[in-house]
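The values are calculated or read from the model by the stated rules, or taken from the named source; none is laboratory data. Quick caveat, the model's predicted, so the values are computed rather than measured. Cβ atoms come from the backbone with ideal geometry, glycine included; neighbour counts cover every protein chain shown. Please note that ligands, DNA and RNA were not included when accessible areas were found on the heavy atoms of the full protein model with its side chains. Shrake-Rupley method; radii C 1.70, N 1.55, O 1.52, S 1.80 Å.
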Amino acid sequence: RSLVAMAAEIAAAAAAATAGVGAGLFSYNRGNYMFDQKMHYTRFQAGLNMAIAQTVIYKQDIAQLTALTVTRQDCFHGIAAMSLTILTAIYCPGKLGFHVPPPPGWLMGLEFVNLAGCYLFLGLTLWYCMHAAMRADTAATHMLTRFVRLPIPSQGMLDKARKFLASYEEQPLEEVFRIPFTRHQAPSGKSQGGYNMGVDIDDAARARSRHGFDVPAWYRKEKAIDNVNTSETIESMMPLAAQGEGPEHFNAYREIQMEWMPYDVYARVCIFLAFMHLTHCWAYLQIGYLLQEVRAVFACAIVMLPMFVLQQVILTLDIKPGAGGLPIHRLGPFGLWFAYFAAVCEYVRWYNPLVQAIGFVLVYCAYAIHIIYTVQLLRLCRPSEEAPVIAETPGAAWWPGEWRLPSAFSHALWFVAPPKELEPGLNDITAELRAEQRGGPVVAGGGQPTASDKRADVHRALGKQGESPAWFGVKVGLISLLIAWIWLTFGFTIEIMNQGTAHPSLLNAPGMPNNARDPRYRPAKPGKTEPTEVGTGGVTAGPAKGVHLGSMHRRLSDAAFAAAPSTEMRREIVNKLRELMPQLQDMARFGALESATSSLLPAPDAAEVQWPAMFQPELLTCGAHAETALALSRHGRGALVSTPAMSVESFVLQGVAGHGTIVAASWDTKGLLLVTSMGDLLECAGAAPTAGRWACKPFAGAKLPIAGQHLKGSVAVSRAAGEVHAAVIFKGEESITIFARSSSAWLPRAEVRTPASRSAAAAAAFSASGSALIVVAADGSVTEMQMVDGQNSELAAANAGHAGHAWAGACRFGSGELARLAVPIDSSSAAKFILG
């Protein structure tokens, strides 16, 4: 019994010890499970908090990358708008040739081609800036609202991360009663795996540590659950072809960035091109102004020097040294000096064939420089096929090497693209969470594409020929300028071939001689002994007319007196000078010897004309062949005055009522042509009235643009060479407006100044042929103005012998004799008809 009792006691003790050990193991492993579950949830929260914080940084990355583009485009946009204002001031108020003859055509070509180029590239800058800024802003907004979002956990994610303590009952018994510090690695290879901590441990510790597949069952189960859609709000939205080694938002942004990157880059290039053409344009404008208007030769050179230096500095700042091989673009600013010296040769005072030839050569050199310069700009602005890889350095610009950008401007672009990979020591928590849930590698990304695949992918926004639309616009602009320079060179050659001929300029202003339109080459060639001042009309019209350099010192010796003048001769000379002084004063004031002619020529007397009763003539016109004048009143009554008998035949115009008062009349072989105050044009067919009546009918078509206003001036009308013309003198103005009548409207044809006179023009009439305009001044003087060349000839001097009358009109008979009409200012006297 004692052995049985002892056995029972031993069994009880063993059971108690086993129960105690089991209870201890259960409590130990249960404590580990509780601690692991707490750490699991804490780690889950910490990971999500770090992912949220990192996503906030990612959102700032997108905003900063976009702000860099938008801010730069705003800067370019403001500079371009300001430059367009300056350019418009040069184009409009800065035009040359308003006050003096215009500069030579080759100089205007240099200025205006550069001005047009500046307009072109400033316009491209504005459009490129708008496109790049709006596209970048749109892309950033799209990514921030759809792609780069905070990884806020859902309720399902929180439920998966939460564990009940009762779930410990689901563990296998070997985990519930696991004995610590003992070996648990299976001999098979599947149990091999990494350690929980990356530290060096001894063999004994390695044998008893938990690693690889020797981990708690709850850990393996949690990993299986967590890897299935745990991070539901941070799933990948990466474009298929934009995978890389960096964060996904960087890769996606760099992919989208290709849609506005060329416009961003070439907006900067266009600013460079615009300012180079602007400085050229302004410098050529100053050459024309300082030499053609001011004649400041040395001041012009001082202007050229700083502009030349400015252009060289801009080339140094914007174009990388060594780009494009030889620095041929450095020749561009030298065009200023060639144009300057060519203009100096153009404006030398005395004509010299050698100096003229030197000027021609300098002009060709200036054009050649601009042609070479434009070709070099095409080479420099072209996207590089094999651009060198840009090394990433802190604070420097960077873009992928496969991007095709103009490498000549690489150090002036300051473009920043998202990095391809993170810097050492940086981690992408969001990408790791996303990769873990997909069961992939820790760093996001797919297979590594080749360099050619990347280039083909990032340039999907390019055109059919593999070039950016932004570069295409710049290329077309430079090619158009190249064509313009070649065209100007060809045109200058044509002008050289025509110089010295009867038409030195292909285009001349109507009614103006060549010397007033073209200041370079004159029809009149210099003689052997007579010098010619350039730009003044040559030997026949220039101020050097009659000046012989070889005989200037002998001019007075030929007219020298044989003996000293006597006292009587001196007194006679003084008296002659006193008589000449009034005439000289008239010449200084009015440009003609008006007082002399009026005092020397007798004033013609009025003819004895018996006007019909109640008839007051106010208009006068002469027949083309007969010595007969036709006087008209404003309201349709008329009188035929036959010379020299001075017989009068009255008549009435029919059909003029309802069209207003008559303001102009012209009598030709087809009949009488009338203009009324309402602007209507009437025709009275027939050579003369019949039975005291003359039927008139209106012309179809537009009215002369004088209707609707109170006309206080004078109107003349003519029907010659198959065209109808009208001349209108508005009261108080010193010009005459010429209108030509087409089938549908009256169009302004020209505007000429009234002849110089003591008084303003009072009336006008066309000659019978319509080639001249007869203008009557208020003082009675009559001037004939040729419509072809603008030459004036005085037909009658001022007549002050008809006080109380105003001059109403004048005309010439077929024989050339002049007739004038003076109407009374009041009704106390009759109108006067004056011949001569």
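Annotations for the structure displayed:
- Residue tally, condition more than 13 Å from LEU122 (Cβ to Cβ) and open to solvent by less than 10 Å² (accessible area, probe 1.4 Å), over region 280-291: 6
- Selection count where residues are open to solvent by 30 Å² or more (accessible area, probe 1.4 Å) and either farther than 22 Å from SER767 by Cβ or not in a strand (DSSP E or B) (or both), scope region 661-684: 5
- Restricting attention to region 247-276 and to residues that are of a type in the set (Asp, Glu) and open to solvent by 10 Å² or more (accessible area, probe 1.4 Å), the residue that is farthest from the chain's Cα centre (by Cα) turns out to be GLU248.
- Of all residues making up region 60-85, the number that are of a type in the set (D, E, K, R) and open to solvent by 60 Å² or more (accessible area, probe 1.4 Å): 1
- Some residue of region 817-835 being at pLDDT 80 or above, part of a loop (DSSP other than H, G, I, E, B) and over 20 Å from GLN610 (Cα atoms): yes
- Test: residue in region 297-316 that is in a loop (DSSP other than H, G, I, E, B) and over 12 Å from MET276 (Cβ atoms): no
- Pick from region 402-423, criterion crowded, with 17+ Cβ neighbours inside 10 Å and over 23 Å from GLU385 (Cβ atoms), ranking: nearest to the chain's Cα centre (by Cα): PRO418
- SER27 being assigned to a helix (DSSP H, G or I) and surrounded by fewer than 11 Cβ atoms within 10 Å (Cβ to Cβ): yes
- Looking only at region 154-175, and only at residues there that are acidic (Asp, Glu) and open to solvent by 40 Å² or more (accessible area, probe 1.4 Å), the one that is nearest to ARG43 (Cα to Cα): ASP159
- Assessment of region 706-726 against the conditions (among the aliphatic types (A, V, I, L, M) and in contact (Cβ under 8 Å) with a residue 60 or more places away in the chain) yields at least one matching residue.
- Sole exception among (1) modelled with pLDDT under 70; (2) over 30 Å from ILE52 (Cβ atoms); (3) open to solvent by 80 Å² or more (accessible area, probe 1.4 Å) for ALA186, by number: (3)
- Residue pairs whose Cβ atoms lie under 7 Å apart, sitting 6 or more positions apart in sequence or on different chains, and linking a residue in region 807-836 that is free of Cβ contacts under 8 Å to residues at least 40 places away in the same chain to a partner that is part of a strand (DSSP E or B) and among the hydrophobic types (A, V, I, L, M, F, W, C), are LEU818/VAL782; LEU818/LEU795; LEU818/ALA796; LEU818/ALA810; ILE825/ALA806.
- Conditions (1) open to solvent by less than 80 Å² (accessible area, probe 1.4 Å); (2) closer than 23 Å to GLU169 by Cα; (3) at pLDDT below 85; number of the one not met by GLY20: (3)
- Residues satisfying the stated conditions in region 37-51, i.e. touching a helix residue (DSSP H, G or I) at 6+ places or on another chain (Cβ under 9 Å) and open to solvent by less than 60 Å² (accessible area, probe 1.4 Å): GLN37, HIS40, PHE44, GLY47, LEU48, ALA51
- Selection status of ASP61, of a type in the set (D, E, K, R), touching a Pro at 6+ places or on another chain (Cβ under 9 Å), touching a residue at least 60 places away in the same chain (Cβ under 8 Å) and closer than 28 Å to PHE177 by Cα: no
- Evaluated against (1) open to solvent by less than 60 Å² (accessible area, probe 1.4 Å); (2) at pLDDT 90 or above, PRO306 falls short on exactly one condition, (1).
- Within region 484-503, residues that are closer than 17 Å to ILE371 by Cβ and open to solvent by less than 90 Å² (accessible area, probe 1.4 Å) reach partners that are modelled with pLDDT under 85 and not small (Gly, Ala, Ser) with beta carbons closer than 9 Å, at six or more positions or on different chains, in the pairs GLY491/LEU506.
Residue-wise test of (1) modelled with pLDDT of 80 or more; (2) closer than 16 Å to TRP667 by Cβ; (3) more than 51 Å from the chain's Cα centre (by Cα); (4) open to solvent by 20 Å² or more (accessible area, probe 1.4 Å).
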{"residue": "SER742", "(1), (2), (3), (4)": "no, no, no, yes"}
{"residue": "GLU784", "(1), (2), (3), (4)": "yes, no, no, yes"}
{"residue": "ASN792", "(1), (2), (3), (4)": "no, no, no, yes"}
{"residue": "ALA796", "(1), (2), (3), (4)": "yes, no, yes, no"}
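- Qualifying position, being open to solvent by 20 Å² or more (accessible area, probe 1.4 Å), hydrophobic (A, V, I, L, M, F, W, C) and in a loop (DSSP other than H, G, I, E, B), among ALA762, ALA803: ALA803
- Any hit, region 94-101, residues being more than 30 Å from LEU426 (Cα to Cα), in a helix (DSSP H, G or I) and aromatic (Phe, Trp, Tyr): no
- Within region 806-823, considering residues that are open to solvent by 40 Å² or more (accessible area, probe 1.4 Å) and of a type outside the set (A, V, I, L, M, F, W, C), the one nearest to the chain's Cα centre (by Cα): ARG812
- Of the residues making up region 685-699, those that are in a strand (DSSP E or B) and either out of contact with any Asp or Glu (no Cβ under 9 Å at 6 or more places or on another chain) or polar (S, T, N, Q) (or both) are ALA685, THR690, ARG693, TRP694, ALA695.
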